[in-house]
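The values are calculated or read from the model by the stated rules, or taken from the named source; none is laboratory data. Note that the structure is predicted; figures quoted are calculated from it, not measured. Positions of Cβ are generated from backbone atoms using ideal geometry, with glycine treated the same way; all protein chains shown enter the neighbour counts. The protein model used for the area step is the full one, side chains on, heavy atoms only, and it has no ligands, DNA or RNA in it. Shrake-Rupley method; radii C 1.70, N 1.55, O 1.52, S 1.80 Å.
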Amino acid sequence: MVVLAASILSKSGKVLVSRQFVDMSRIRIEGLLAAFPKLIGTGKQHTYVETENVRYVYQPIEALYLLLVTNKQSNILEDIDTLRLLSKLVPEYSFSLDEEGICKHAFELIFAFDEVIALGHKENVTVAQVKQYCEMESHEEKLHKLVMQSKINETKDVMKRKASEIDKNKIEKNRGDKGGFGSLQSMGSGRIESSFSDLSRSNSGAGFGSGSGFGLNSDVDSFSSKPKARPPSSATAPPKGLGMKLGKSQRANQFLESLKAEGEVIVEDVQPKLGQSRSAAQTLTDPITLTVEEKINVTLKRDGGVSNFDVQGTLSLQILNQEDGNIQVQVQTGENQAISFKTHPNMNKELFANESILGLKDPNRPFPTGQASDAAGVGLLKWRMQSTDETMVPLTINCWPSTSGNETYVSIEYEASSMFDLQNVVISVPLPALREAPSVKQIDGEWRYDSRNSVLEWSVLLIDNSNRSGSMEFVVPQADSSAFFPISVRFMAIETFSDLKVTNIIPLKGGNPPKFSQRTQLITENYQVI
């Protein structure tokens, strides 16, 4: 099949848009298109006309004709299929199917025709793919430019802060030299420093003779408010008009907001405030911390059933102080017989099998210690559970796409098991390429549309006994049902399948058992409906 040209004409024969896919002169294509209205007969049911050299395959679109000019050797069935695809694309780019609307969007239509036909041959594409190809832009280049501009703005902010610090140092130096304060400091008398507060209360030079003798009368209040050890200039309050701006500049904030609007996940590098740093430092206050973590991998079939169900768990130990290293850990396992436990090679396996105590083979050897920032800890125990029983799945998803006219209605529901209370649940549904966000008709929870990745995210903060089931319904333009899979799920829980608990810490060198804390969480690693 060879398509010579694709054109849009008015009923009177006026050429609005024409795209040629082979080498031909302007005179020839104008002659072929001018002859077309004369060849159309009235009352005929077919939509093609043949001449000695070419074939016209056409389709009326309101007051227009969509026309393909092909050679006579081309496959007419493929020509009709190409024509049908082009007829779906024209309304996508020109909402008003008249001469003004077609001429206004002529270049968009030509670019779309080029995606469908290459060198006269039809490409294997869909309407959604053509729209995606035409609208695609270099996000990497745009992101790179925005990041570079942000770095420039940040550099300017650093320059302003440095200039402000230099000005403050000069002001502090002038204050220190004023009234002989530097000479007073060099005397090194604690009584002189303590008497500044008395000076401020009496507002006179008592105890020093007259205040004018030291030149302190005007600066007594400022001296009384200063601590004994002079703080560095960076910690002092900035003077008026030269204050530092903490945080990001307005341009940087606009840059981040624009990225978030496009669906980018932004991890901001923000300097923590004083309160935040204190809370971060207190995250591991107990001398011993034990962490029970399970990662779940599930693959569910869209028509029901479990393709893969795998749970892997670990028990890790973190000790802050070296003197607490000679210990043993008493644990209690749950009643789940499907779980098989394995201890670390350095652990006493018989002691764990007989008494459920985790201890090193060499009792005189202490456990390694780590800093508070070492969140991984030392692995003591691991376990695994595999199953094909669907009742073990904590969250099942059912997706029902149905097409009505030019729209596809998608109903999704979740059903949660009563075993766990799930937190921060996010169900990510892939969508076909859309020009606008989908229309959400009903939802139990919140939703967010990631336009860059074309994903609809359904989030539920907490699933407990009050909402073990929920549903969402949205509408998109007509699409195949497979476009909404695979569905990805993320959540966490504070209960585990193993129900492992740490009951006691046994010190091997005697004394009281050290204080310990236990953290338990179940998180998803790969949870999909395919």
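Hey, any hits in the stretch 91-105 for a residue that's farther than 30 Å from residue 478 by Cα, open to solvent by 70 Å² or more (accessible area, probe 1.4 Å) and not charged (D, E, K, R)?
no
Of all residues being assigned to a strand (DSSP E or B) and of a type in the set (Gly, Ala, Ser) in the stretch 299-315, which is surrounded by the fewest Cβ atoms within 10 Å (Cβ to Cβ)? Just the residue, please.
Here the answer is 307.
Quick test of your reading of the structure: residue 442 fulfils all but one of (1) in contact with a strand residue (DSSP E or B) (Cβ under 9 Å, 6 or more places away or on another chain); (2) open to solvent by less than 60 Å² (accessible area, probe 1.4 Å). Name the failing condition by number.
(2)
On the given criteria, is residue 19 in contact with a helix residue (DSSP H, G or I) (Cβ under 6 Å, 6 or more places away or on another chain), open to solvent by 70 Å² or more (accessible area, probe 1.4 Å) and outside any loop (DSSP other than H, G, I, E, B)? Talk me through it step by step, then tell me what you get.
Values: in contact with a helix residue (DSSP H, G or I) (Cβ under 6 Å, 6 or more places away or on another chain): yes; open to solvent by 70 Å² or more (accessible area, probe 1.4 Å): yes; outside any loop (DSSP other than H, G, I, E, B): yes.
It is true that residue 19 is in contact with a helix residue (DSSP H, G or I) (Cβ under 6 Å, 6 or more places away or on another chain), open to solvent by 70 Å² or more (accessible area, probe 1.4 Å) and outside any loop (DSSP other than H, G, I, E, B).
Could you say which residue among 456, 462 is touching a residue at least 40 places away in the same chain (Cβ under 8 Å) and among the aliphatic types (A, V, I, L, M)?
462
Criterion first (open to solvent by less than 50 Å² (accessible area, probe 1.4 Å), of a type outside the set (Val, Ile, Thr) and either more than 23 Å from residue 40 (Cβ to Cβ) or in contact with a Gly (Cβ under 9 Å, 6 or more places away or on another chain) (or both)) does residue 139 satisfy it? Please lay out each step first, then the result.
On the way: open to solvent by less than 50 Å² (accessible area, probe 1.4 Å): no; of a type outside the set (Val, Ile, Thr): yes; either more than 23 Å from residue 40 (Cβ to Cβ) or in contact with a Gly (Cβ under 9 Å, 6 or more places away or on another chain) (or both): yes.
No; evaluated as a whole, the condition is false for this residue.
What residue, of 488, 498, is part of a loop (DSSP other than H, G, I, E, B), touching a residue at least 60 places away in the same chain (Cβ under 8 Å) and hydroxyl-bearing (Ser, Thr, Tyr)?
Just a single option satisfies the conditions, and that option is 498.
Filter the stretch 488-516 down to residues that are modelled with pLDDT under 90 and small (Gly, Ala, Ser) and give me whichever is most open to solvent (accessible area, probe 1.4 Å).
The qualifying residue most open to solvent (accessible area, probe 1.4 Å) is 511.
Applying the selection to the stretch 390-418, what residues are within 19 Å of residue 468 (Cα to Cα), in contact with a strand residue (DSSP E or B) (Cβ under 9 Å, 6 or more places away or on another chain), outside any strand (DSSP E or B) and open to solvent by 70 Å² or more (accessible area, probe 1.4 Å)?
390 - this is the single residue of the stretch 390-418 that is within 19 Å of residue 468 (Cα to Cα), in contact with a strand residue (DSSP E or B) (Cβ under 9 Å, 6 or more places away or on another chain), outside any strand (DSSP E or B) and open to solvent by 70 Å² or more (accessible area, probe 1.4 Å).
Checking the structure you have, find out if any residue of the stretch 120-135 is exposed (fewer than 13 other Cβ atoms within 10 Å of the Cβ) and of a type in the set (A, V, I, L, M, F, W, C).
Of the stretch 120-135, the ones exposed (fewer than 13 other Cβ atoms within 10 Å of the Cβ) are 124, 135.
Then keep just the ones that are of a type in the set (A, V, I, L, M, F, W, C); that gives none.
For the stretch 120-135, residues exposed (fewer than 13 other Cβ atoms within 10 Å of the Cβ) and of a type in the set (A, V, I, L, M, F, W, C): absent.
I need the full set of residues from the stretch 326-341 which are in a loop (DSSP other than H, G, I, E, B), in contact (Cβ under 8 Å) with a residue 12 or more places away in the chain and not charged (D, E, K, R), in order please.
326, 333, 334, 336, 338, 339
Can you tell me which residues in the stretch 419-442 are under 15 Å from residue 487 (Cβ atoms) and not in a loop (DSSP other than H, G, I, E, B)?
Looking only at the stretch 419-442, we keep the residues that are under 15 Å from residue 487 (Cβ atoms), and these are 425-432, 438.
Across the stretch 419-442, the qualifying residues are 425, 426, 427, 428, 429, 430.
With respect to residue 456, determine if the residue is open to solvent by 20 Å² or more (accessible area, probe 1.4 Å), out of contact with any Lys or Arg (no Cβ under 6 Å at 6 or more places or on another chain) and aliphatic (A, V, I, L, M).
no
Does residue 33 fit the bill of being without any contact (Cβ under 8 Å) to a residue 60 or more places away in the chain, more than 20 Å from residue 122 (Cα to Cα) and within 53 Å of the chain's Cα centre (by Cα)?
It is true that residue 33 is without any contact (Cβ under 8 Å) to a residue 60 or more places away in the chain, more than 20 Å from residue 122 (Cα to Cα) and within 53 Å of the chain's Cα centre (by Cα).
What pairs can you find where one residue is in the stretch 64-90 and under 23 Å from residue 30 (Cβ atoms), the other is part of a helix (DSSP H, G or I) and open to solvent by 70 Å² or more (accessible area, probe 1.4 Å), and their Cβ atoms are less than 7 Å apart, with a gap of 6+ or different chains?
Matching pairs, first to second residue: none at all.
Which one of these is more than 36 Å from the chain's Cα centre (by Cα) and in contact (Cβ under 8 Å) with a residue 12 or more places away in the chain: 163, 128, 112, 118?
The unique qualifying residue is 118.
Of all the residues that make up the stretch 461-487, how many are closer than 22 Å to residue 523 by Cα, touching a strand residue (DSSP E or B) at 6+ places or on another chain (Cβ under 6 Å) and surrounded by fewer than 18 Cβ atoms within 10 Å (Cβ to Cβ)?
4
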